[in-house]
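The values are calculated or read from the model by the stated rules, or taken from the named source; none is laboratory data. Keep in mind that what you see is a predicted model, and the values were worked out from it rather than measured. Heads up, the Cβs are rebuilt from the backbone with ideal geometry, glycines too, and the neighbour counts pull from every protein chain shown.
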Amino acid sequence: MNDAPPPPRAVIFDWDNTLVDTWPTITRCYNAVFSAFGMPRWSEDEARARAHGSLRDYFPVLFGEERWEEAREIFYGTFTACHLETLRPLDGAAELLRDLAARGVYLAIVSNKMGPALRIEVGHLGWSGWFGKVVGATDAARDKPAPDPVTIALSDARLRPSDAVWFVGDTVADLQCAHATGCLPVLVRPEEPAAGEFSAYPPRLYARNCRALGALMYGGAGTISA
């Protein structure tokens, strides 16, 4: 086991299912598209396993180059109708953000949710004041896991990616982005990583939830990957 790194000077967070629970919303939106296209629906577990990456990267693969924009319109129409109603902060997320902001840690979001919708959700929860930058899909030339959104996220921080800049998320896209930029890759989700699950982009740190992440930053509790 490695020694724990020092507390972060900056933290870049993923949004969906890192700070807020949006799997019910995501599953509903995908299934609206599948129903319109005559395709089998997904369970929430299937959505969790398969719905990663930005829509502009994933939808052409899933629905084909000729119809992916039609699928996108159905997805976002469904999303617009329900996303604020179903938005729920994850346990301990608000407390973690409040504590980090009080300590003077620079905070940002890098998400593959469309930028305008992402910023509406952050504002809806009253969290906008905690973040220096909120960067969503299409805000940069390329989406996560490309490094472009991280450059924007840190543009006001006077910091360069390093172990002092933690990139926190729940999927391989977050870990890949952290590795691509030189940030410290941190996995936060209820399930511990399985052996070999992230062999190409391993997390340096793992915490089961936001409360455990706060303890890992300042109290030493948590899992440190070798």
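Among strands (runs of 3 or more DSSP E) lying entirely in the range 115-221, which contain 2 or more residues that are surrounded by fewer than 20 Cβ atoms within 10 Å (Cβ to Cβ) and polar (S, T, N, Q)?
Values: elements: 133-137, 165-169, 184-188, 205-207.
The strands (runs of 3 or more DSSP E) meeting that bar number zero.
Going residue by residue through the range 94-105, is there one that turns out to be closer than 19 Å to His52 by Cβ and without any contact (Cβ under 8 Å) to a residue 24 or more places away in the chain? No, the conditions are met nowhere in the range 94-105. Checking the stated criteria, Ala108 turns out to be part of a strand (DSSP E or B) and under 16 Å from the mean Cα position of the chain (by Cα).
All conditions but one from (1) closer than 18 Å to Thr138 by Cα; (2) modelled with pLDDT of 95 or more apply to Leu55; the one that does not is (2). Filter the range 7-44 down to the residues that are among the β-branched types (Val, Ile, Thr) and part of a helix (DSSP H, G or I), then identify the one that is modelled with the highest pLDDT. Selected residue: Val33. Looking across the range 16-31, the residues that are touching a residue at least 60 places away in the same chain (Cβ under 8 Å) and out of contact with any Gly (no Cβ under 7 Å at 6 or more places or on another chain) come down to Asp16, Asn17, Leu19, Val20, Asp21, Thr22, Pro24, Thr25.
Residues of the range 79-105 being over 20 Å from the mean Cα position of the chain (by Cα), modelled with pLDDT of 95 or more and in a helix (DSSP H, G or I), which ones? Residue satisfying the conditions is Ala102 alone.
Scanning the range 145-168 for residues that are touching a Cys at 6+ places or on another chain (Cβ under 8 Å) and closer than 19 Å to Leu90 by Cβ returns Trp166, Phe167. Annotation note: of Ala49, Ala4, the sole residue that is outside the structural domain of Glu69 (by TED's automatic domain parsing) and either surrounded by fewer than 19 Cβ atoms within 10 Å (Cβ to Cβ) or not in a strand (DSSP E or B) (or both) is Ala4. Taking the range 128-151 as the range and being hydrophobic (A, V, I, L, M, F, W, C) and free of Cβ contacts under 8 Å to residues at least 40 places away in the same chain as the test, the residues that pass are Trp130, Phe131, Val134, Val135, Ala140, Ala141, Ala146.
Based on what the data block shows, is Asp57 within 25 Å of Ala178 (Cα to Cα), touching a helix residue (DSSP H, G or I) at 6+ places or on another chain (Cβ under 9 Å) and either surrounded by 14 or more Cβ atoms within 10 Å (Cβ to Cβ) or assigned by TED's automatic domain parsing to the domain that holds Gly214 (or both)? No: the conditions fail for Asp57.
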